[in-house]
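The values are calculated or read from the model by the stated rules, or taken from the named source; none is laboratory data. These figures come from a predicted structure and were not determined experimentally. So basically every Cβ, Gly included, is an ideal-geometry build from the backbone, and we count neighbours across all protein chains shown. Areas reflect the complete protein model, heavy atoms only, side chains present, ligands, DNA and RNA absent. Shrake-Rupley method; radii C 1.70, N 1.55, O 1.52, S 1.80 Å.
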Amino acid sequence: MHKCKAGIVMVLLFLLVMSPSYTASAQEKLDSRKVLLLYSTFEQKVNEEVRIMDVLLGHFSKEVITQNIQKLEGDPTLRGITHIVYVGLEKEKINKEAIDYLVRFKGPVYGLGYNTDQFPSLKNTFQMKQEVSVERLLFHQPSIERELDIEQTFFNITPNATSKVVMNALYKGSSYPAIIQDGPHMYAATHSLNEYVGPFIGESLFDFFKQERERDEKVAYLRLEDVHPLSDPKKLMDIAVYLKEQNVPYMITVIPVYQNPKTKVQYHMLDSPKVVKALKYMQENGASIVLHGYTHQYRDHETGEGFEFWDVDNNAPIFAPKDQNNKVKREADFATFKEYQEYVKKGKAYEKKYMTTKITKGVQELNAHDLISLAFEAPHYTMSQNGYSILSNHFSTYIGQVQVSDDTWKHMYSPTYTSYPGFMNDMKLIPETLGYVEHGELADVHLMLERADYYKNFSDTVLGGFYHPFLGVDLLKEYVEGMNKIEGIKWFDLKSEPNEVSVSNVTIISDEGAVVVADESTMTTYKAKNLLSFFQRNFLLAAGGIAIFAIVSSLVSVMYIRRKTMEEEGHFD
C-alpha cells in the first residue's frame, strides 16, 4: 500500500489496538512463520499448481518464498525459514546444493507428488507403488468426506510403522493412504491441487503448522453483484430493507460507470441520483462497498458482461489500448529472449498505467458521492500476476476467486479460508466458495446451500456467495433463510475488518465498524459535474416550487379580489 498521511496512520493504529477482535497471538503466528515453497515443474517455472499451494499456505504465513528447488544455492532470502513445502510435479534428480540445504534444515517438511524420496526427512516415511484412480476422499480428523464427480489420480503408498494416516483415498473396495504424517513431516500422495483435492490439502496444513482450528463458528458472506448507475433503485431498496430487517451485513460490488456498447454513451453515478440514494441507504444499514472495476469492460462489451483487466479476446494480459492490441505476442515470436523481455516490460508498463487510472477514477468517483470503497473485486475475477501487484498498491483486501495463470483466464482458484497469497503482495483474500444464483431459479439457491453444507465442514471456513439484485428479493430470501439454518453461522461484516484503500488524494481506512476517509483532492472535473448536477436538480425543484407558489398566490389573489368586488356590489347581503 502507498504510505498514508501520518495522522491517518495514527487513527488506524488506534482502531487496531482498541479493536476487541484484534489478537496479537493470531497475528504473531502469521508473521513468525517463514515458509519456503519449493517446486519441480515441467518448464522449471511457477505454474498453476504452485500458485494454488501459495494460496493455501497464505492462511498460515504472510511470508511465503517460492523457489525452484534446483536454484537454492546462495539465495539470501532463505535465512530464517521455519517450514518447507515441496510440490513435485515433474520427476527429476535434485541437485547436490538442494540436498545439502535439506540436510541442514531441521524444521518440518511437507512433500507432495514426485521426488520426495530424495528428501532426507521424507525418504523413509513411505514406499511408493503405482498410480491409482480414486472416487472418494475421506479426511479423518475432522471427519470430511467427498464423493468425486471426476476420478482423481493418487499414488498407492505404503507408510512406515510410525506414520499416521491423515486422509484416505478410496476406489470401490480399496482404500489407499493419501496424506500421511510422520512426526513433524507430512506427505500427500498426489500431484493434483484442483478444486477437489485442494481443500483437503489445505485442511492438512492445520496439522502441519500445528494451528488451532476454528470449528464452531461458520463465517458466511453475502455479496450483491454488478450494481451500476442503470441498476433498478427499487429492487436495491427492497433488498436493503429486507437485509436490514434480518440484521445481515453484506457487501455490494459497485461499477461506477455504465457504458452502452452500441452508442458508447457513458452513465455515471451523478446521472442516477436514485441509485446513489439507495446505495447510501444500504451503506448506512449494514452494507460495505467493494469496487468492481470502473466500467467492467475493456473492449466493446456491455458493462457487467465484459472483462476489464484481462484481454479475453486474446486470452492475455492487457498490454496495449484495445484498438492496438489485435495480436498478443509470445516468446516464440521474437528473434531473441531480450527482445521478448523488452516487449513484456513495455506491456507491463501500459498495464500499470491502465489499471492505476481505472482504479483511481473508480475510488474517487464513488467517494464524491460519499460511497466508500473498502475492498476490490476484479470483473470475472480475471487479472494477471502483474495486475495483482499493481492492485496491491491501492487495496489491502480482495474479494472472490483468484486467477492463477498468465496463460489463460480460465484457471481460477478459491481456498476454503482467508489467505495472504505471496503473489498477491500482502493483500488479504476473502474467498468466494458457494457460487451464485446463475439462472435465476430456486434450484440455483438449493445448489448454493448444498455447497454450504459441504464447505461448512472445513476449518476456518468462509461460506461466500453472491447474488444479482436485478433478480429481486424473493430468491435472496430463500438463500438467507437457508444459510441461517447452519449451526454457528456468523455473517461477515467487511467494515469490521482492517481495510486500507489508497489512490491519488484519497485514503480510506476501516476497522471494527469505523471508517475514516481522507480526501485531499481539489475540485476535479467529476466533482464539478456532480456539484453542477446537484444544483441543477435542486434548482429545478426550487424553480418548480416557486412556480407553483406563484400560481397558487395568483389564484388566491384573483379569488380575493373577486370576492371583495362582489361584496362591494352587494352580492353577499
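Worth pointing out:
- Across segment 35-53, the qualifying residues are those that are open to solvent by less than 20 Å² (accessible area, probe 1.4 Å) and within 25 Å of the chain's Cα centre (by Cα), and the one among them that is farthest from F119 (Cα to Cα) is I52.
- Checking each residue in segment 317-343 for being without any contact (Cβ under 8 Å) to a residue 24 or more places away in the chain and of a type in the set (A, V, I, L, M) picks out V328, A332, A335.
- In this structure, Q283 does satisfy being in contact with a strand residue (DSSP E or B) (Cβ under 8 Å, 6 or more places away or on another chain), open to solvent by 30 Å² or more (accessible area, probe 1.4 Å) and either at pLDDT 90 or above or under 23 Å from E365 (Cα atoms) (or both).
- Test result for E351, of a type in the set (D, E, K, R) and in contact with a His (Cβ under 7 Å, 6 or more places away or on another chain): no
- Among the residues of segment 313-343, those that are among the β-branched types (V, I, T) and surrounded by 16 or more Cβ atoms within 10 Å (Cβ to Cβ) comprise I318, V328.
- Residue match in segment 143-163 (condition: open to solvent by 50 Å² or more (accessible area, probe 1.4 Å), of a type in the set (A, V, I, L, M) and more than 30 Å from L72 (Cα to Cα)): yes
- Scope segment 423-479; condition closer than 30 Å to H394 by Cβ, open to solvent by 60 Å² or more (accessible area, probe 1.4 Å) and of a type in the set (D, E, K, R); matching residues: D426
- Listed by position, the strands (runs of 3 or more DSSP E) contained in segment 175-270 that have at least 2 residues being open to solvent by 10 Å² or more (accessible area, probe 1.4 Å) are 218-227, 257-259, 266-268.
- Residues satisfying the criterion are absent from segment 359-378 (criterion: open to solvent by less than 10 Å² (accessible area, probe 1.4 Å) and closer than 20 Å to L193 by Cβ).
- Flag for A161 being in contact with a helix residue (DSSP H, G or I) (Cβ under 6 Å, 6 or more places away or on another chain) and over 20 Å from Y455 (Cα atoms): no
- Residue in segment 18-25 that is open to solvent by less than 70 Å² (accessible area, probe 1.4 Å), modelled with pLDDT under 95 and part of a loop (DSSP other than H, G, I, E, B) present: yes
- Residue match in segment 455-463 (condition: part of a strand (DSSP E or B), in contact with a helix residue (DSSP H, G or I) (Cβ under 9 Å, 6 or more places away or on another chain), under 23 Å from P317 (Cα atoms) and touching a residue at least 24 places away in the same chain (Cβ under 8 Å)): no
- Flag: T416 does not match the condition of being of a type in the set (S, T, Y), surrounded by fewer than 17 Cβ atoms within 10 Å (Cβ to Cβ) and either touching a residue at least 40 places away in the same chain (Cβ under 8 Å) or part of a loop (DSSP other than H, G, I, E, B) (or both).
- Taking the criterion of being charged (D, E, K, R), surrounded by 17 or more Cβ atoms within 10 Å (Cβ to Cβ) and in a helix (DSSP H, G or I), the only residue of segment 480-502 that qualifies is K495.
- Test: N247 is closer than 27 Å to Y417 by Cβ, of a type outside the set (F, W, Y) and modelled with pLDDT under 95: no
- Among the residues of segment 503-519, those identified as surrounded by fewer than 21 Cβ atoms within 10 Å (Cβ to Cβ) and either closer than 17 Å to F395 by Cα or touching a residue at least 60 places away in the same chain (Cβ under 8 Å) (or both) are S504, N505, E512, A514, V515, V516, V517, A518, D519.
- So T295, is it of a type in the set (S, T, N, Q), closer than 23 Å to I239 by Cβ and open to solvent by less than 40 Å² (accessible area, probe 1.4 Å): no
- Number of residues in segment 62-97 that are in contact with a helix residue (DSSP H, G or I) (Cβ under 6 Å, 6 or more places away or on another chain), without any contact (Cβ under 8 Å) to a residue 60 or more places away in the chain and within 20 Å of G422 (Cβ to Cβ): the value is 2.
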